[in-house]
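Here the structure is laid out as structure tokens; the discussion comes afterwards.
Only the coordinates and a few stated rules stand behind these numbers; no lab work does. Everything numeric here is computed off the predicted structure, so don't read it as measured data. Neighbour counts run over all protein chains shown; Cβ positions are idealised from the backbone, glycine included.
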Amino acid sequence: MNKLIRVLVATAVLPCAVLAVAAVLANAWRDRLPDPIATHWNDGPNNANSLGLFVSVCLALGVVVTVVVAVIAVAGLRNGRPLPRTAAGLGASLAAMPAAVLVSTLVLNLDAPDWHAARGGALVLLFLLGVAVLGVVAAFVGGLPSPPREHQDGAYRPSVGLQPGQRAFWSGRASNPAMLWALLAIPAAIAFLPAGLPWPTAVWIGFVGAVVTALTYRLRAKVDATGVTIRFGLLGFPWRHLELGEIREATVRELTTFGDGGLGLRFNAVTGTTAYKVRGGPALALTLENGRTVLVSVDDPETGAGLVNDLIAQGVTRID
């Protein structure tokens with residue numbers, strides 16, 4: 001199947017089909033629905049909106065999201081950066097979500113004498129599960145690997161001059177002391193919160209801040225003949241290992257502090273870029289064989305990139 005057709009089927013045809021079904025059902029059930037209809041539940045229905053307005057807003061929102069997702073997908077394909085499967089699936093699910101919300105809400109109000117008598121809202125979960133299934137289908141239909149980038153003559157490719165038969169090891173790390181200061185500031189911030197804050201809430205706030213800081217303030221990367229290993233935080237978790245066979249080449253990239261989603265572990269579903277960041281500045285950039293990119297903000301990334309490239313060039317896959 002043509003790549004463009006696959007992308008359009010995943011990001012436009014499938015969500016539009018769901019929207020069309022939702023519109024047909026809304027029209028067919030109009031005489032069996034109260035007006036207004038229940039649109040929010042707690043223990044029971046506790047809010048309502050005009051039937052016509054609710055249907056129009058859901059359908060319009062679905063159309064807008066579908067158009068945006070399809071345009072992004074087609075533009076990425078034409079620029080040589082097609083959406084990876086995760087992005088294609090999430091985009092299709094997001095586009096179909098308004099239709100799922102619409103149909104599930106109408107089902108809960110169907111044949112009710114008024115909105116107060118609408119059925120419980122747990123049924124919505126089944127429709128959301130259907131949206132997830134549609135996302136999986138769209139991921140396999142429209143998610144495409146990026147084509148290999150040809151290495152340009154004269155382009156800078158780091159190297160450490162590793163000779164055949166030589167062994168080498170590189171380790172880089174980086175930390176952000178400001179995150180530790182932020183951790184120390186949490187108890188002080190809690191002390192200035194308005195009086196009456198329940199102590200369990202205060203303890204929970206401090207605990208969450210401590211965990212987040214411990215998991216993200218420090219970053220380590222290691223390169224050897226087994227590949228590249230990335231470890232976050234005090235306990236080295238979360239961690240990731242990339243074998244040399246998964247990596248096409250390594251370079252160095254300059255990152256901004258709040259670029260690529262900010263600090264921490266960040267994933268861009270549109271570009272397929274995963275960033276492990278504790279600071280801005282130079283970072284190890286790994287281009288994978290599937291077209292995705294992994295960024296690691298560690299010190300001395302050029303040496304690490306050079307060693308990765310030399311190991312790949314020598315076809316090293318293990319340590320004897």
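The table that follows gives values for the structure above.
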quantity	calculated
Extension gain (nm, one decimal) between A17 and A132, 0.36 nm per residue minus Cα-Cα	39.9 nm
Between the range 39-58 and the range 209-253, the alpha-carbon center distance in angstrom	46 Å
G264 long-range amide H proximity, modeled H, under 5 Å	K277, V278
Highest-first arrangement of 297-306, 159-168, where packing means the average Cβ count within 10 Å	297-306, 159-168
Sequence-distant residues sharing a close amide H with D299 (under 5 Å, placed H)	R173, A174
Karplus-derived 3J(HN,Hα), 6.51/-1.76/1.60, for each residue of the range 227-243, Hz, glycine and proline x	x, 10, 10, 10, 10, 10, x, 5, 9, x, 9, x, 9, 8, 10, 10, 6
Cα gyration tensor shape for the range 3-142, rounded if a/c is under 1.5, else prolate or oblate	prolate
In sequence order, calculated HN-Hα J values of the range 70-78 (Karplus, 6.51, -1.76, 1.60; Hz; x Gly/Pro)	5, 5, 4, 5, 5, 5, x, 5, 5
Amide H contacts under 5 Å for L255, placed H, 5+ residues apart	G281, A283
Charge sum, other residues only, whose C-beta stays under 9 Å from P282's C-beta, Lys/Arg counted +1 and Asp/Glu -1	-3
Most to least packed among 169-177, 244-252, 93-101 [average Cβ atoms within 10 Å]	93-101, 244-252, 169-177
In order through the range 302-315: 3J(HN,Hα) via Karplus (6.51 cos²θ - 1.76 cosθ + 1.60), integer Hz, x for Gly, Pro	5, 5, x, 5, x, 5, 4, 4, 5, 5, 5, 4, 7, x
Packing-based order for 65-77, 230-242, using average beta carbon neighbours within 10 Å, highest first	65-77, 230-242
